[in-house]
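Asker: Input: one structure, supplied below.
The values are calculated or read from the model by the stated rules, or taken from the named source; none is laboratory data. Keep in mind the model is a prediction, meaning the values are calculated, not measured. Every residue, glycine among them, receives a Cβ derived from its backbone with ideal geometry; neighbour counts consider all protein chains shown. SASA here: full protein model, heavy atoms, side chains in, ligands and nucleic acids out. Shrake-Rupley method; radii C 1.70, N 1.55, O 1.52, S 1.80 Å.
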Amino acid sequence: MKFFIDSADIEEIRKAKSYGIVDGVTTNPSLIAKIGTERDETVKDILAESDWPVSIEVISTDTEGMLKEAYEIAKLGKNAVVKIPMTLEGLAAVKELSAKGVKTNVTLIFSANQALLAAKVGANYVSPFIGRLDDKGEDGMQLVRDIVQIYRNYGFETEVLVASIRSKEHVLQAALTGAHVSTVPMKVLEELAKHELTDAGLAKFLEDWKNRKK
Ligand code: G3P
């Protein structure tokens, strides 16, 4: 399973890169708004940081506007992936972008039927938001299982990018479904590497080494 970092903060992205365990970046308008600069300015540095795929979302909601923005985003870097919201207008945009070879990520997926439609129009990635479904008392991971199964049934090449991940348990369950990618906030990424017994074991090894017979 690939790991993407869900962030628009270049320092955080650089830190994630230094760990050697990340394969891409996802951003969204809320994450970019937190940085406080214009979208294209923020993503320019992120795109230049590596050849990782970087998802960058359009703001327009009509097909024509989304397409105009998508072509501008695609020009920012060859690793740019245009993030398009899951609407009928968005699907029409993805259909054209896919025919033109522009990479797309259909976002705000909350049902398997939506994921099926996104795959049909040639999306490269679909982003089911599992944490937000859990927040509503639904089972976000079941959505991922359903999408993975449907894509297997029909041989779709669209990658399932599990988003709105809030915990390391989410990552574990996503990996068990066979989903292609988990996009995770920095906090969750760092937690994945941690275990209290690792810390305790390391402390003991170092203590024993310090007290060795010389
Ligand atoms: O990748 C989508 C993600 O940023 C949304 O996460 O926690 O706002 O639901 P969250």
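Asker: Please pick out the residue among Leu197, Leu176 that is without any contact (Cβ under 8 Å) to a residue 12 or more places away in the chain, open to solvent by 30 Å² or more (accessible area, probe 1.4 Å), more than 16 Å from the chain's Cα centre (by Cα) and over 21 Å from Arg152 (Cα atoms).
Answerer: After ruling out the rest, the residue left standing is Leu197.
Asker: Checking Ala99 against (1) open to solvent by 60 Å² or more (accessible area, probe 1.4 Å); (2) away from the ligand (no atom under 16 Å from the Cβ); (3) over 22 Å from Glu72 (Cα atoms), only one condition comes out false. Which one?
Answerer: (3)
Asker: Name, by its number, the condition in (1) among the small types (Gly, Ala, Ser); (2) within 12 Å of the ligand (Cβ to nearest atom); (3) buried (at least 22 other Cβ atoms within 10 Å of the Cβ); (4) assigned to a helix (DSSP H, G or I) that does not hold for Ser127.
Answerer: Only one criterion is unmet by Ser127, namely (4).
Asker: Moving to a separate point now. Of all residues in the range 43-79, how many are under 24 Å from Phe110 (Cα atoms) and hydrophobic (A, V, I, L, M, F, W, C)?
Answerer: Residues that pass the stated criteria total 7.
Asker: Give the range 36-70 a look and list any residue that's open to solvent by 80 Å² or more (accessible area, probe 1.4 Å) and not in a helix (DSSP H, G or I), or say none.
Answerer: Result: Glu38, Asp51, Ile59, Thr61.
Asker: Kindly establish whether Glu169 is in a loop (DSSP other than H, G, I, E, B) and either of a type outside the set (D, E, K, R) or surrounded by fewer than 13 Cβ atoms within 10 Å (Cβ to Cβ) (or both).
Answerer: No, not satisfied.
Asker: I need the full set of residues from the range 179-194 which are away from the ligand (no atom under 16 Å from the Cβ) and open to solvent by 100 Å² or more (accessible area, probe 1.4 Å), in order please.
Answerer: The one that is away from the ligand (no atom under 16 Å from the Cβ) and open to solvent by 100 Å² or more (accessible area, probe 1.4 Å): Lys194.
Asker: Here are the criteria: (1) β-branched (Val, Ile, Thr); (2) under 20 Å from Val22 (Cβ atoms); (3) away from the ligand (no atom under 15 Å from the Cβ). Tell me which single one Thr198 does not satisfy.
Answerer: Of (1) β-branched (Val, Ile, Thr); (2) under 20 Å from Val22 (Cβ atoms); (3) away from the ligand (no atom under 15 Å from the Cβ), only one is false for Thr198: (2).
Asker: For Val94, state whether it is at pLDDT 95 or above, aliphatic (A, V, I, L, M), open to solvent by less than 30 Å² (accessible area, probe 1.4 Å) and touching a Lys or Arg at 6+ places or on another chain (Cβ under 6 Å).
Answerer: No; evaluated as a whole, the condition is false for this residue.
Asker: Looking at the structure I just gave you, is Val148 over 24 Å from Val188 (Cβ atoms), more than 16 Å from the ligand (Cβ to nearest atom) and crowded, with 17+ Cβ neighbours inside 10 Å?
Answerer: Details: over 24 Å from Val188 (Cβ atoms): no; more than 16 Å from the ligand (Cβ to nearest atom): yes; crowded, with 17+ Cβ neighbours inside 10 Å: yes.
Against the criterion (over 24 Å from Val188 (Cβ atoms), more than 16 Å from the ligand (Cβ to nearest atom) and crowded, with 17+ Cβ neighbours inside 10 Å), Val148 does not qualify.
Asker: Restricting the search to the range 10-22, which residues are surrounded by 16 or more Cβ atoms within 10 Å (Cβ to Cβ) and touching a residue at least 60 places away in the same chain (Cβ under 8 Å)? Break it down into steps so the answer makes sense when it comes.
Answerer: Taking the range 10-22 as the starting set, the residues that turn out to be surrounded by 16 or more Cβ atoms within 10 Å (Cβ to Cβ) are 10, 12-13, 15-16, 22.
Glu12, Lys15, Ala16, Val22 - these are the residues of the range 10-22 that are surrounded by 16 or more Cβ atoms within 10 Å (Cβ to Cβ) and touching a residue at least 60 places away in the same chain (Cβ under 8 Å).
Asker: Hey, another quick one. Any idea which residue in the range 143-173 is nearest to the chain's Cα centre (by Cα), counting only those that are over 21 Å from Ile5 (Cα atoms) and among the hydroxyl-bearing types (Ser, Thr, Tyr)?
Answerer: Among residues in the range 143-173 that are over 21 Å from Ile5 (Cα atoms) and among the hydroxyl-bearing types (Ser, Thr, Tyr), the one nearest to the chain's Cα centre (by Cα) is Tyr151.
Asker: Which residues, counting only those in the range 23-51, are under 17 Å from Gly77 (Cβ atoms) and within 14 Å of the ligand (Cβ to nearest atom)?
Answerer: Of everything in the range 23-51, those that are under 17 Å from Gly77 (Cβ atoms) and within 14 Å of the ligand (Cβ to nearest atom) turn out to be Gly24, Val25, Thr26, Thr27, Ile32.
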